[in-house]
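To start, the structure under review is shown below, and the notes come after it.
The values are calculated or read from the model by the stated rules, or taken from the named source; none is laboratory data. Because the structure is predicted, anything quoted here is derived from the model rather than measured. Cβ atoms come from the backbone with ideal geometry, glycine included; neighbour counts cover every protein chain shown.
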Amino acid sequence: MGQQVAKERFSEAEYARFGRRLEDSLVALRELLARPGFGAGPASVGAELEFFLIGENGRPLRRNKEVRDAAGDERVVLELGSFNLEVNLTPLPLAGRPFTAMEDEARRMTLLVDDAARTVGGRVVPIGILPTLNEFDFTRDAMSDEVRYRALSRGMRRVRAEPFRVRIDGAERLELEVEDVILESANTSWQIHLRTPPGDFARVYNAAQLAIGPVLAVSGNSPSFLGRDLWEETRIALFEASADDRDMERPWRVDGRVSFGSGWLQGGAEELFEQSVREYEPVMPVMDEEDPLEAVRAGGLPRLAELRLHQGTVWQWNRPVYDPADGGHLRVELRALPAGPTCADMVANAAFLLGLVAASAAAPGWIDGFPFADAYRNFYRAARAGLSAELAWPGRAEPVPAAELVLDLLPVAREGLVAAGVDGGEADERLAVVRERVRTGRTGAAWQRRALAALGDEPGARAAMLARYQELAFTEEPVHTWPDVTPGLPEGEKRDEAADVTVA
């Protein structure tokens, strides 16, 4: 989705040509992956961090272009919503002390973007879903003023003429309809990229599918949307509904465009790319001048621009990435974790996830006796119930509470990190944050719920909670150390009646 798109309207002939180019790209990718030595090299890790921009009253601030320009750093890019920005962190080797470097850069970039936001009267906040959003924030003019996002919107509406329907049953129920993909902008995430040699891709990808359940259970930071108390990670249900291009009459046709998947990966990365081309219609048929078959058969490195663009519009929670940079390589993109509450928390989540992935990929025999359906259930149970979820795990006869499972898996994650070359002290320091989060029962989602309970049903309670959240987030103390919010709104707290608009 970061590729340049020069126009937003396309003919049916252009869609047809793009489809043929995708087929050629799949052939080129298979030939490239069969090339000896392609994509080899040590594991490296990168990350993307998404933010909300907010005004003084905690409401979304539609000024992302001005904030990006004020930041003056190419690592800061626009997201779909005009109140969203993304920061792309610098890739670095997994071996050594990667999480210290990752946290340092994430903190510096957060402060840089926050300083830029102040120039237009705003701030930034890393949080899975902004609690002060209301349905009037999701009109088409809330979209970033970029051709590629307008083209995405048109392309999705070409595939699905009906409104996007959201129904989430949590502690409360939410039902709504939205005419456009702008609802995707209600979610911000912390995405991890793990560079993976082609020969190891299936093992690493399947390990990621296994690992994400317990990691998500201890990472929840999105407990509500439009004033409704929903899932621990409401982002998961919301994003899947907000980009679901399937016919309403036949939702079982394929997995949704945002999905966990439906089975263990049997082949290599090409299997996932082929599935995306086979099952999902293109939405932005932008053609590159390169012929991928000519490029690969001449011994070159094809850009595969069309395939990369198409894959960028199919949002599996764990997604394959082909990148022609640095001699060409593959990555597993781990997309399910929320933004926030602090850089320390996000880096701890990344360490736990990467450690479990490394450990599970190194001993893949577990897959023979562990049904994919159990990993699937784990993911959605974790998103819904967090540390209270009952989760299955290879070698266990029965599901156990996520809190218990996470504590048992922390030593496994440490072994995986150390075996991958991560400094042992670095691993201990990061995983200790996860352990304390379990011990206290204080995830970002749990803190938000407790804060709202203390503030009561006042109209400005969500804005007051968000103000305190942001203040604590910028202390960089992990969420398990955060104090409770004092009951009642602060003296003179500004009340924002729009903050609690709900939808029947």
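Could you tell me whether the range 247-266 includes any residue that is modelled with pLDDT of 85 or more, closer than 25 Å to A463 by Cα and among the hydroxyl-bearing types (S, T, Y)?
Of all residues in the range 247-266, those modelled with pLDDT of 85 or more come to 255-266.
Of the ones still in play, those that are also closer than 25 Å to A463 by Cα are none.
No, that holds for no residue.
Give the range 331-384 a look and list any residue that's acidic (D, E), part of a helix (DSSP H, G or I) and more than 17 Å from A106 (Cα to Cα), or say none. Spell out how you get there, then give the answer.
Within the range 331-384, the subset acidic (D, E) is 333, 345, 368, 374.
If we keep only those that are part of a helix (DSSP H, G or I) as well, we get 345, 368, 374.
Once the filter is applied, which keeps residues that are acidic (D, E), part of a helix (DSSP H, G or I) and more than 17 Å from A106 (Cα to Cα), the range 331-384 yields D368, D374.
Could you identify the single residue in E103, E86 that is within 30 Å of G227 (Cβ to Cβ), outside any loop (DSSP other than H, G, I, E, B), touching a residue at least 12 places away in the same chain (Cβ under 8 Å) and out of contact with any Leu (no Cβ under 6 Å at 6 or more places or on another chain)?
Sole residue among the options that is within 30 Å of G227 (Cβ to Cβ), outside any loop (DSSP other than H, G, I, E, B), touching a residue at least 12 places away in the same chain (Cβ under 8 Å) and out of contact with any Leu (no Cβ under 6 Å at 6 or more places or on another chain): E86.
When the range 21-77 is examined, which residues are found to be surrounded by fewer than 19 Cβ atoms within 10 Å (Cβ to Cβ), of a type in the set (K, R) and part of a loop (DSSP other than H, G, I, E, B)?
Scanning the range 21-77 gives R35, R75.
Restricting the search to the range 435-451, which residues are touching a residue at least 40 places away in the same chain (Cβ under 8 Å) and either crowded, with 16+ Cβ neighbours inside 10 Å or among the hydroxyl-bearing types (S, T, Y) (or both)?
R437, V438, T440, R442, T443, G444, A445, A446, W447, Q448, R449
Please enumerate the residues belonging to the range 404-461 that are hydroxyl-bearing (S, T, Y) and either touching a Cys at 6+ places or on another chain (Cβ under 8 Å) or not in a helix (DSSP H, G or I) (or both). Break it down into steps so the answer makes sense when it comes.
Taking the range 404-461 and keeping what is hydroxyl-bearing (S, T, Y), we get 440, 443.
Hit for the range 404-461 is T443, nothing else.
Would you say A363 is modelled with pLDDT of 95 or more, among the small types (G, A, S) and more than 16 Å from G213 (Cβ to Cβ)?
Criteria met by A363.
Within the range 260-313, which helices (runs of 4 or more DSSP H) (wholly inside it) include 2 or more residues that are touching a Phe, Trp or Tyr at 6+ places or on another chain (Cβ under 7 Å) and over 22 Å from F379 (Cβ atoms)?
305-311
Using beta carbons and a limit of 7 Å, which pairs, at least six apart or on different chains, have the first residue in the range 109-137 and more than 18 Å from E50 (Cβ to Cβ) and the second one assigned to a loop (DSSP other than H, G, I, E, B) and modelled with pLDDT of 95 or more?
Partner pairs satisfying both residue conditions: V120/R63; G121/G55; N134/L226; E135/L226.
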